[in-house]
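To keep things clear, I will list the structure first and then write my remarks on it.
The values are calculated or read from the model by the stated rules, or taken from the named source; none is laboratory data. Here the structure is a predicted model, which is why all the values come from computation and not from measurement. Methodologically, a virtual Cβ is constructed for each residue, glycine included, from the backbone with ideal geometry; neighbour enumeration extends over all protein chains shown.
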Amino acid sequence: MKEARVQVKVPLVPRPLGKESEEISVFGVEQDKLASTNLRTVSGEPITASSTSSGPSPLKEPTGAAAGRMHVPVVELDQFRRVKRRRMRTFGRGRRWGKNTARWQPAAAVSTLLALALLIPAILVWPRANDPDPVKPIPVPSGVGSITTPAPAPAVPVTYPEPQVRVYLSATGTTMNLPLEEYVTGVVAAEMPAEFRLEALKAQAIAARTFIVRRLAANDTSGVPSGEADVTDTVSHQVFIPPDRVKADWTRLGKAEEWKKLQQAVRESRDAVMTYQGKAITASFFSTSNGYTENAEDVWGNPVPYLQSVDSPWDKKLAPGFEETITLKRSEILRKLNLSAGSIPATAQQNGGWMEVMSTTQGHRIKEMRIAGTTFSGPEVRKLLGLRSSQFSWKTDGDEVEITTYGYGHGVGMSQWGANGMAQEGHTATQILKHYYTGISFGQASKMLASQ
């Protein structure tokens, strides 16, 4: 609600006899302003009144008969009346954009300035197609306006001392003390041909390192004559040649590149060993398979989970000594097996039935066989007769027996010629070892021995 001041001028007209007086009122006047208002008398003749800020103006006197009949005094009344907003609009006070611009002009000006302040920098830095050196954003330092957590310091790798190995030299009866990696170098040089692929040499280095680490971790000195060394340099453990002698011999023979490759294989496999359930494994290996490796229990009597029979088809294609035939006399065979000639029936001597296979292993080697009525295991016959493999066939010709063997070695673990075949096909040392040793992992030799 608003208040409006209304000024009303009311003419007073004398009442004629018999007639009621009539009042003339004037409405529609704005606050504190009065335009000219037409007042009509009872007889219908207009009486005009005007006002100024100084006061009322006198009315024009009527002419003629009307002058004699009436006298029109004017009384000014001031009063306040409450006028609603919608009523004010009837007096011409409605909001119109075109007439009252004083309110929104400042706001519009400020908005325009703000828009220009935002657009002008954007236009200046906007990339252009023909601009050879476009404006690049200025990098904000990482620490400005944000709270950053400092990165943790990189962990310092823990180093362990290199283990030492005591090797009993059977030729001189002396003991050589040398670092682990030098010992591995001498073993790989003695156990695997230098012409083999690098990945095969690396696999051999890891196997040789694992073998000696297992003995060192268990303080095992079995098989050493003096008991003051960790291992011998013979096939009883691992064949070993002192590295300085290997280098001199190979250099003299023009095998300097093979020496470098051997050192590379040991260096790239440094400190790596094979483990099973956190312990170094029995990393047995041999020269050539018959197409398969053997289960440990079929050769040594005790099952080993990671020494299981697997396929090895590369040996037959690559190994020069995969198949070999020797001839032995029947009497020699009986002597080596500690059997008498009388134990062979006469009929069996004629048709060769005194030797027969009773069972074979998963690795396709002879598990048990009967010779002159006595049962032997395949590995026993191989060892006693000096055969290259426990898989063999034979045929008799009178007093002579011709025996043909397939493969070379006990057949448990990694086949060296098989490893070289895998390396030729592009397999890594890790893949080679995981093929021949079932379910193994890898560990750090120095760390394992440091914790003992």
Surrounded by 15 or more Cβ atoms within 10 Å (Cβ to Cβ), part of a loop (DSSP other than H, G, I, E, B) and within 34 Å of the chain's Cα centre (by Cα) - does that describe any residue in the stretch 315-338?
no
Identify the single condition in (1) closer than 16 Å to Ala208 by Cβ; (2) touching a helix residue (DSSP H, G or I) at 6+ places or on another chain (Cβ under 8 Å); (3) crowded, with 23+ Cβ neighbours inside 10 Å that Tyr437 does not satisfy, given that it satisfies every other one.
(2)
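For every residue, the table says whether it meets (1) touching a residue at least 40 places away in the same chain (Cβ under 8 Å); (2) part of a loop (DSSP other than H, G, I, E, B); (3) farther than 14 Å from Thr293 by Cα.
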| position | (1), (2), (3) |
| --- | --- |
| Lys367 | yes, no, no |
| Thr375 | no, no, yes |
| Glu380 | no, no, yes |
| Arg388 | yes, yes, yes |
| Lys395 | yes, no, yes |
| Ile403 | yes, no, yes |
Yes or no: Glu257 outside any helix (DSSP H, G or I), over 25 Å from Tyr436 (Cα atoms) and among the acidic types (Asp, Glu)?
no
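So, Arg215, is that one within 20 Å of Thr275 (Cα to Cα) and surrounded by 16 or more Cβ atoms within 10 Å (Cβ to Cβ) or not?
The answer is yes for Arg215.
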List, please: which pairs have Cβ atoms under 7 Å, are six or more places apart or on different chains, and start with a residue in the stretch 235-250 that is in the same structural domain as Glu195 (by TED's automatic domain parsing) and end with one that is surrounded by 21 or more Cβ atoms within 10 Å (Cβ to Cβ) and assigned to a loop (DSSP other than H, G, I, E, B)?
Val239/Asp233; Phe240/Asp233
Please state which one of Thr234, Thr282 is surrounded by 17 or more Cβ atoms within 10 Å (Cβ to Cβ) and among the β-branched types (Val, Ile, Thr).
Thr282
Val167 is checked against (1) of a type in the set (A, V, I, L, M); (2) outside any helix (DSSP H, G or I); (3) surrounded by fewer than 24 Cβ atoms within 10 Å (Cβ to Cβ) and fails just one. What number does that condition carry?
(3)
Does the stretch 434-449 hold any residues that are in contact with a Lys or Arg (Cβ under 9 Å, 6 or more places away or on another chain) and part of a helix (DSSP H, G or I), and which are they?
Ala445, Met448
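Conditions (1) more than 30 Å from Ile344 (Cα to Cα); (2) in contact with a Phe, Trp or Tyr (Cβ under 7 Å, 6 or more places away or on another chain); (3) modelled with pLDDT of 95 or more, marked per residue:
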position	(1), (2), (3)
Thr396	no, no, no
Asp399	no, no, no
Ile432	yes, no, yes
His435	yes, no, yes
Ala450	yes, yes, no
